[in-house]
Structure formats: structure tokens, C-alpha cells
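> Once you've had a glance at the structure underneath, I'll fire off some questions.
The values are calculated or read from the model by the stated rules, or taken from the named source; none is laboratory data. This is a predicted model, so every value here is computed, not measured. As a convention, Cβ positions derive from the backbone with ideal geometry for all residues, glycine included, and neighbour counts pool all protein chains shown.
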Amino acid sequence: MFRYYLKLASRSLFAAPATTSLMVATIALGIGIFMAAVTIYYLMANNPIPHKSDVLYAVQLDSWDPAQAYREDLPEQAPWELTYIDAMALRESDIPRRQAAMHKVSLVVQPTRVDLKPFQAQARLTDGDFFALFDIPFVYGAAWSRDADDAGQLLVVISKSRNDELFGGEDSTGRTLRINDREFTVVGVSEDWYPVPKYYDVNNGAFDEPEQMFIPSGVGRELELFSSGNTNCWKDEDINSFEEFLGAECVWWQYWVELPSEVERDAYQAFIDGYVEEQKELGRFARPLNNRITAVEQWLEVRQVVRDDNKVLIGIAFLFLVVCLFNIVGLMLTKFLGKAPQIGIRRALGASRGAVFRQQLIEVGALGAAGGLAGLGFAWLALKGIQQLFPGFEHLARLDLTMVGIAIASAVVTTVIAGLYPAWRVCRVPPGAYLRLQ
Amino acid sequence: MEFGPIWRASLRNKTGPILMALQIALTLAVIVNAVFIIKQRIDKITRPTGMDVDNIVTVQSFGFGEDFNLQESVPQDLAELEAIPGVLAVTSSQHVPLSGSGWGTELAGSSEDGAPRVNGAQYFVNADAVNAFGVKLESGRAFTAEDVEYPESFGVPISQVIMTRAYLDALFPEGGAQAGATVYDKLGNPVTVIGVLDTMHGAWVGWDELENVMLVPRVMPVESNYYIVRAEPGERDRVMPQVEQTLLATNDRRVVKSLRTHSEIRDSSYQGDRGMAVVLAVVVSLMVMVTGVGIVGLASFAVRQRIKQIGTRRAVGARRQDILRYFMVENWMITTAGVMLGSVLTIAVNYWMVASFELERLDPLYVPAGVLALWLLGLLGVAGPARKASAISPAIATRTV
Amino acid sequence: MLEMHHISKVYRTDTVETHALRDFSLRVEEGEFVAVTGPSGSGKTTFLNIAGMLEDFTSGTYRLDAEDVSDLGDDARSRIRNEKIGFIFQSFNLIPDLNVFDNVDVPLRYRGFTGAERRRRIEEAVELVGLTSRMRHLPSQLSGGQQQRVAIARALAGAPRFLLADEPTGNLDSEMADGVMALLEDINSAGTTIVMVTHDADLAGRAPRNVQVLDGWVQDTTQAIDSPVASQAPAELAVVGS
Ligand SMILES: Nc1ncnc2c1ncn2[C@@H]1O[C@H](COP(=O)(O)OP(=O)(O)O)[C@@H](O)[C@H]1O
Ligand SMILES: [Mg+2]
């Protein structure tokens, strides 16, 4: 019977190619636009490290101005970053399994290859634990040690791409690399790593490229490196040297810890609260106690990585889909009721209501599947367009298998829902109606 | 006009008209809100920056090595850059306005404790900054070469600035402050406002205080800075490559990067707003198209269903225009029901967006404009099918069974 | 009243030409009741359509009320149909979405009468066909005979001088057909000229004048009974008269 219905459906669909293509195109447009919006949203709201996201925490201490909150629009929040003093103090705790203080720096690389001119590059100044903390594998070599951090040894880990560029892709561990006119030793080459969103530092955009070079945290003091990310100060301080700047109430360090269980989490919260209480005695931290450790997904939410515009677009794309569906219902109603005399004859010849209903729904399902497939095409086009509009968003605009599945499934489901009413209407055609009239 | 019978007839076949009215209502709600957002974004993108953005080239000089000294290199670089034919004015600047990266600080209008402080963007610039940015001095004077300081540390207090009218008024809310006014830095040091600018935009285009900007005549003791090179009209693209060559030739212990036109920088800062506007415009057009097709579809169906009745009407004396009008009126009634519901929906959607996101309340005039647009769309959509209906031969009445 | 001279009508499709009427001439006087008979496909409906100005013809002349209507524009023809001619169709052609009142109202709307005038005419016409109690019924709620009576009321409401009926009883059983025929006879006796196409020989026999159409020609004209034209002065139609 199902095959008979399929045959009837295909005959009916091919009998009116214009109406059928109009319906498929309408479903496809609605689904395509909606899927494009959802894809972007889904990647923005992506969990970048699912297997560890509940044990990785961003640390915040409220060291801000007693007169006003860090963000006037978010008065309950603490500053997003830490002062140098506090970042260094937190490194003394042995509660976290792994931890890393970090900030972005701008360096000038002077390649030994004569064909390459010196160039400026962003790097991450951080602790050796950074790689294990965020699960970044190594191609060659390994991370540096805690001692190297403390001593500010001139070591560097470069990414695979940068290694390809500077050393032709060979094992460069042990080689020297001239940075800011100093000799750095390459200790490792890390795999290219592109978390979406770039959760470990969303201050200057959550979707831009991660740094391709990493240097020990102690090097900053040695080379007097300011952050090339965000630095915010609140206190009226007379800062005349880098050394004074390190001691200032300026926040510019991000801090991440790995706390494997509830026990460590509670212990760590107690530790930072205790630390701040101590500092209060010294006259710092005049604001109420407000220290936060926030897991990855909550952190991305707090930092509003998914922007309002994207939420508005999802809403509008959804309404567009609804309009397309209303259109489909109208078209189907037209088509089905056009077939009413034929249905009346079928009914007179013994087709049950259920049979008529099923026949219509199968037709609708086929339409939905075709619309879903064509919708993928539209989604792909829409994403291409979005890449044009937002250079740098390339990694947010890609379709994966999940999205393909969701697109087709949602097309079929929504179309069938849209088809329920027309199918119900037509199966209620009384058998005699079109035989008696005239 | 026979509104009554048309209305009663529509009520008999209500599903189609109801669907259409709902579709029109949703379309109205979406397009009115979307067009409003588009308009706001366009206003935002096109508001005057106060600067001669279209003729400016910017470039970053990033020194490395112990022997590089920015404070020594700047005067030499400026002289070389000014010598390029076609260059109107040049200044060094710690940052580039509209670029999304910059330096903010706070000033106060009085030295009293607890005097309110106002945020602003701060640019460390050189003598010819007013000319190089192409900003208009409303009153007071521009910097001279003697004003420019080369401090050895960050902490040296500033003594004189040029600031925007917006910033000055924010510092002195009672108004009327003029060039010559004294403002105070975070440490309470007095700063003289020697010049007031009409308008100038700062670093972050999404920031409410974008127009709070001050220029400070100073070259900081750091390794990196930008040059703002303003070319004579039409000369920008010719000057651009020479800027890079000149800087590289002057000193090779540095990286010369980010050679970009200022308009390119501005455009990329507004990328999100422009992208949003374009995406919304596309969705609005598609929606209008889909709804338009829907109207044509429904009207064609209505005509097809009533071929015989149209023939009968013609047989009993209806003129072509009567038939035309019948369908126009029927469609107009559906559209009107749709836009009435839609107006309520539009306001509701706007309320929801204002409550959930940082969006502005809808200008109420957009609603009647949208209603008019949809009325027009309805009439255009029904015109074809109605014309077809009016061409139906009255002989149909006797020919069909 | 109606004068057709050498009318011919050719239907052209892509491949064939059908000569539905050839050299068709007929004269109908004011007040006559003419029954047109003939086999299926002989051109009866074509003749009626041309008479009622629903269709153009290929050649010949047609005068209605002493006015040459051969070259009238579409709007003028609509107006004549609306004012002078009433139609009754084999399949009733009531508008299914409109109730009895609104159906009878249709031609009056195009006539541009005031609301009160229309209401008066509708009520009178519906009363004449005996369906006053069904005023608010939809066509689907009426029997075939009742539907055809509504159609007659609709044809009469505008007080036409000339009534054209194409197989008005074709879809009715003989009892209902009888009633409809009686109604038409009443209307004719009140002065309205009637041309009725039928294939029912009995009904045709009841008409004072019979015309037979064969293959597009007026083959035969029988004057079964003396034409009532002479004896009856054209009078205002009773239905709408007073
Ligand atoms: N629209 C048309 N196109 C082509 N041929 C037609 C058309 N209408 C009628 N005819 C042909 O004209 C002839 C006369 O038709 P008609 O007047 O309807 O006959 P009757 O009413 O006597 O049965 C028939 O042969 C019919 O097939
Ligand atoms: Mg016929």
C-alpha cells in the first residue's frame, strides 16, 4: 500500500510541476535561511571543549574601584581580568590540577630565513601548563617547565603552521628564533589549534585566530611586555616604569584553572576568598567579596559571546520560516482541494478517510524532503554570502553533517505539520459531494 | 461597492483568507522591525566622523631591537612623509580613530573630590594633528611644534589638550565651556583645553561616548606608533605605497605594517552593523517575495475556483472592471485584516526586542508606512489574477456543467 | 425585437475549424415565446450565446430592439445584458458562496440600484418563484428545482424584456420541469419575450412557436399556434410592474 501511495504522490507532484516547484522552493527558502541562522548561532554557542568544559574554570577577583563596579551595566560582575600581583599570587596554589595565567602580546619575529622580512605577530604569554590545560597536542617537543616560567627563560612553542612557515615544517626543537632582538629557543611545535569560540580569551573577539606562538609567563617581566589585549586601570596611580605598572591596580591577565571535582572547586573558592581577605587587610580589594570561578559554558554566556544581533536574526529567520509555512499550507490547501472531485470518487469507490489522509501526508512528506535538500543549497549559499559580509567569520559559516541531518529532518517535520490541516480537510470531502452537484 | 456579499463569501471559504491574513500580519511585523533596524544601522554607519576619512592613509611602525628609539625616529619620519608629493598633512598617533583599538581615560570638570568623571578616548599626536585628521577646529588653536612633548615615562602629567565639543560639554554639563577651560586628570592635575573640535570620533564605534575625544601633543616612550597621512583629494591611492617605502627607507630596525586606508578601517569596524543591515535587507526582500507569491497564488486559486461564477456574473451584466474590482476588494479586505493584526504584532515584536536586547523603541511612523507597503503589495499581487478573471468569457456560464 | 441575418459562427482551435452556425437567420417579435430544439451539437447554445451577447459572431448582422449590436464594445454589451436580458442556465449557475438573497442581488448590484430598490425587487422576484421562506438559504441547501427557481428570480429581478433559457429543465425531473415551464409561461404572458432551448419535445410543444436547428442552420419553423404577438399588447412585467 505504501508503494501505491508513493506512486500516487509522485504522479500528483509531477502532474503540476509549477505548483510543486513553487512549494519546494518555498520550503527550501524558509529552511535554508533558518538553517543558516541556526548554523551561525550553533557555532557561536558551541562548546569548544566538551570533554573538559565542566572542569575548566575562568577565575575572577573583584579588585575594582570601591566607587563603582567594573561594568556599570553588569553591577554583579567582577573584572574579566586580574592584576599582575593577583595572577602571580594565584599561581602559588596547588589545589588546581593545572593552571595558567596568560595574556596576549605583540612580538616582532626576525626569521633567520633570508627571504622572510621581520614581521609582527601576536603571541600568548602564559605558563607551561597552558597546553595540558586546554588539551593542545604537540607535533614535536613539549611544553616548558614551571621553572622556565618563573625564571623567564627565553623559550618558545610555535604552532605547526608557524613552524611550516619559519622552519619548513621540520622538527625545530632546539633551534633558535630571534624575537624582539633576543634569542629564543624553540622547545616545542604544537598542533594547529582553533577553538570556536576562542574561549580562553574572548576580550578582543571570540572568533578570531588564536596566537601561533607561546612564551613563558616570566618573559614578560624580563622584556617589559605590555598586553596587546585589554588593560584596564581604575586607580589614580602615578606609573612611571614597567615595574610600577606591574604593581598597579590594572587588570590585564586572564587566569584558567582545572578543578577535577566539587571538592577541589570548593577548596579553590575558599582559597581565593582567603587570599582576597588577606589582601583586604593590606588595604586592597575595597569592594565586597566577589570572587568567581566560572566553567567554560557559563563563561561564554557571561561574556555574551553569542551577540544580540544573532539572536534577533534567529528570531527573524524563524518568523520567515513560519511565513513560508503559511504559504505552503495555502498552496497545499489549494492543491488538495483542487483534487477534491477526484478524492470524492476515490471515497465513493471505497477509500477510507484514513487512506486518503495517509496518501496526502506521504505526498507532503516527499515535498518536505525535497524542500529540505534544496534548502541545504540555500543555506550553503546564505553562508557563502555571510562569509563575504563578515570576513574573519569563515569558521563560523560551515555546514556539518549534523546540520544537514537537522535541515532535512526539520523540513520534513515542518512540512508535514503544515500539511496536516489540508490533508484533514480533503479527507473530510463527503464521497457524494462532487458526484451530486450538477 | 459590494463589501457585504464579498465579505460573506470570504467567510464561507475562510481558511485561505485567514492564512493569508496571518502571513501578511507576520510579514508586516518582521519587515517593519527589520527595516527600522536597517535604518538605524545605516544612520550609525553614515554619521559624520568629523575626519577626512576618505583621504587618510594609516600605517603602523613597530620598532624592535635595543637601538630603536621611537622618539628619535618620529620627527625624522614626519619630515620624510610630509615631503611625499600629494601629502597634505601628517601626524604621529598612538592609535587610529575608528579602529576598535585605543586608549581611554577619564577627566573631570573640577578638581573637587568626587567630581564626576567622564570617559573619553585619548590620542597622543603630533603638531599637525588637526590638519592630518582633517578635523575642524571650532575655537581655540591647533598645536604647534613647541607643544609636542617627548616624555621619558608614562606618568608625566599632560598639560594641554584639544578636545571635542561633545567631550567639553560632557565635562561641563551646564554648557558654555570654551577653549581656555581647565579640566583635571585622574590625579587632579589641571589640563588646559587650548582648542575645541567640532566633531571627532574615537576608537570604539559601538561605544556611547564615541564623540568624547581628546588630542594630546606627545610622543610616548614606546616602540610602536601609527602615522596618519592625509593626502590631497584624489591622491590617496598614489601616496599609499610611497608611505611604506619612505618609512622602510628611513629606518629598517622596525616592522612597517597595517598600511591601510582609513575608510577601510572604518568599514571593518562597522562590519557587524553593515552585515546585519545587509542580511536583514535580504531576508526582508525574500519575505516580501514569498508573501507576494502567496498573494498571487491565493488569488489565482480564488479565480480558478470561481471561473463559472465569474462567467455567470458577466452573463448577468457585470463589466470587466466589476470583476476586476471584485477581486481587488476581496484581496484588500484580507490584506486589511492582516495589517490590522500585523500592526499589533509589530508593536509586540518590538516590545520583546527592546526588552531582550539593546534595541531602540520603534518609531511609530514605520507602522503606517509598512501598512501602505503591504496594501500595495496586495494590490500588485492580485492585479494579475484579477485581470485574468476579468478576461473570462461570459459564455463560460453556458459552456461548463 | 430580435433580428439575426446570415449569422455565422466559426470556432477555431489549433487544428480544426468548427462551423457552429452557418448563415443563421431568425426573427423574434416582442412578446413571443420561442422554443428552440435540435440535436446535441447542432448549435443551439451557440445561437443563444450570440443572442444574449455572451459571444461574438464571425459574420452577419444582429439587431436587438432595432439597434445594431454587432459592433458594440464589451462594457456596452454588459449593460445591455444587465438591463434587457435575463439568463436561465441548464446548470442553474447560482454562486455557491452566496445565499438566495445575495444571488438574486447580483445583477441588481451591477445595475446600480439603491439598497431599498434592490431589496424590493429581490423580495418580489423571490416571492414570484415561491421561495420567500428560503431567502437566507445557500444553493447547496436547496433542491434542483428550487435552485432553478432562484435562477429564474435572478433573471427576472432586473425586469428584462427578453429572457433566454438554455435547457432550463435539463437537470430536473419531469415534475419539477413542469413547474419551471409553468412559471416561464406566466412570465411570458406578462409580456416578457422568451427564447428557450430544449430537447424535450413535450415542453417545446407547449411553446407557441418552435424553431429547429440542424447543423447550424435554421431548418424549419413551425407555427403550431398563432403567435400571441398580435393579440397581446406589450405590457410592463407583472413581477416588477406595480
Ligand atoms: N468553444 C468552442 N470551441 C470549439 N468548438 C465549439 C466550442 N463551443 C461549441 N463548439 C462546437 O460548436 C458546435 C455547436 O455547439 P453548441 O452550440 O454547444 O451545440 P448544442 O447546444 O446545440 O448542443 C458543436 O459542434 C461544438 O462542438
Ligand atoms: Mg447546448
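> Output the number of the condition that A:GLN60 fails; it satisfies all remaining conditions of (1) away from every other protein chain (no Cβ under 14 Å); (2) surrounded by fewer than 22 Cβ atoms within 10 Å (Cβ to Cβ).
Of everything listed in (1) away from every other protein chain (no Cβ under 14 Å); (2) surrounded by fewer than 22 Cβ atoms within 10 Å (Cβ to Cβ), A:GLN60 misses just condition (2).
> Inside the stretch A:114-166, can you point out the residues that are assigned to a helix (DSSP H, G or I) and farther than 24 Å from B:PHE62 by Cα?
Hits for the stretch A:114-166 are A:PHE130, A:PHE131, A:ALA132, A:LEU133, A:ARG146, A:ASP147, A:ALA148, A:ASP149, A:ASP150, A:ALA151, A:LYS160, A:ASP164.
> Condition test on B:ALA177, is it among the aliphatic types (A, V, I, L, M), surrounded by 17 or more Cβ atoms within 10 Å (Cβ to Cβ), more than 14 Å from chain A (Cβ to nearest Cβ) and more than 23 Å from the chain's Cα centre (by Cα)?
yes
> Quick check on A:ALA355: is it under 30 Å from B:GLN305 (Cβ atoms), surrounded by fewer than 18 Cβ atoms within 10 Å (Cβ to Cβ) and more than 14 Å from every other protein chain (Cβ to nearest Cβ)?
It is true that A:ALA355 is under 30 Å from B:GLN305 (Cβ atoms), surrounded by fewer than 18 Cβ atoms within 10 Å (Cβ to Cβ) and more than 14 Å from every other protein chain (Cβ to nearest Cβ).
> Then there's this: Does the stretch C:77-94 hold any residues that are within 12 Å of B:ALA315 (Cβ to Cβ) and either touching a Ser or Thr at 6+ places or on another chain (Cβ under 7 Å) or basic (Lys, Arg) (or both), and which are they?
Matches in the stretch C:77-94: C:ARG77, C:ARG81, C:PHE89, C:ASN93.
> Please go through the stretch B:338-361 and pick out each residue that is modelled with pLDDT of 90 or more, touching a helix residue (DSSP H, G or I) at 6+ places or on another chain (Cβ under 8 Å) and within 14 Å of chain A (Cβ to nearest Cβ).
Passing the criteria: B:GLY338, B:LEU341, B:GLY342, B:LEU345, B:THR346, B:ALA348, B:VAL349, B:ASN350.
> While we're on this one: Working only within the stretch B:362-381, note down all residues that are hydrophobic (A, V, I, L, M, F, W, C) and either away from chain A (no Cβ under 14 Å) or closer than 16 Å to B:LYS308 by Cα (or both).
B:LEU365, B:VAL367, B:ALA369, B:VAL371, B:LEU372, B:ALA373, B:TRP375, B:LEU376, B:LEU379, B:LEU380
> Here's something else I'd like to know. Sort out for me the strands (runs of 3 or more DSSP E) sitting completely within the stretch C:1-118 that have 2 or more residues that are within 16 Å of ligand 2 (Cβ to nearest atom), touching a residue at least 24 places away in the same chain (Cβ under 8 Å) and within 12 Å of another protein chain (Cβ to nearest Cβ).
The qualifying strands (runs of 3 or more DSSP E) are C:85-88.
> A further question on this structure: Could you grab me the full set of residues in the stretch B:300-313 that are more than 17 Å from B:PRO17 (Cβ to Cβ) and either facing another protein chain (nearest Cβ under 7 Å) or aromatic (Phe, Trp, Tyr) (or both)?
The answer is B:LYS308, B:THR312, B:ARG313.
> Right, here's the next one. Being more than 16 Å from ligand 2 (Cβ to nearest atom) and surrounded by fewer than 18 Cβ atoms within 10 Å (Cβ to Cβ) is the filter here; which residues of the stretch C:154-175 pass it?
C:ASP173, C:SER174, C:GLU175
> Looking at C:PHE101, C:PHE113, C:PHE92, can you tell me which residue is at positive phi, out of contact with any strand residue (DSSP E or B) (no Cβ under 9 Å at 6 or more places or on another chain) and more than 16 Å from ligand 1 (Cβ to nearest atom)?
Answer to the check: C:PHE92.
> Taking only the stretch A:260-309 into account, find how many residues are outside any helix (DSSP H, G or I) and either in contact with a strand residue (DSSP E or B) (Cβ under 6 Å, 6 or more places away or on another chain) or within 30 Å of A:PHE390 (Cα to Cα) (or both).
9
> Select from the stretch C:164-204 the residues that are away from ligand 1 (no atom under 16 Å from the Cβ), among the small types (Gly, Ala, Ser) and at pLDDT 90 or above and list them in ascending order.
Within the stretch C:164-204, C:ALA182, C:SER189, C:ALA190, C:GLY191 meet the criteria.
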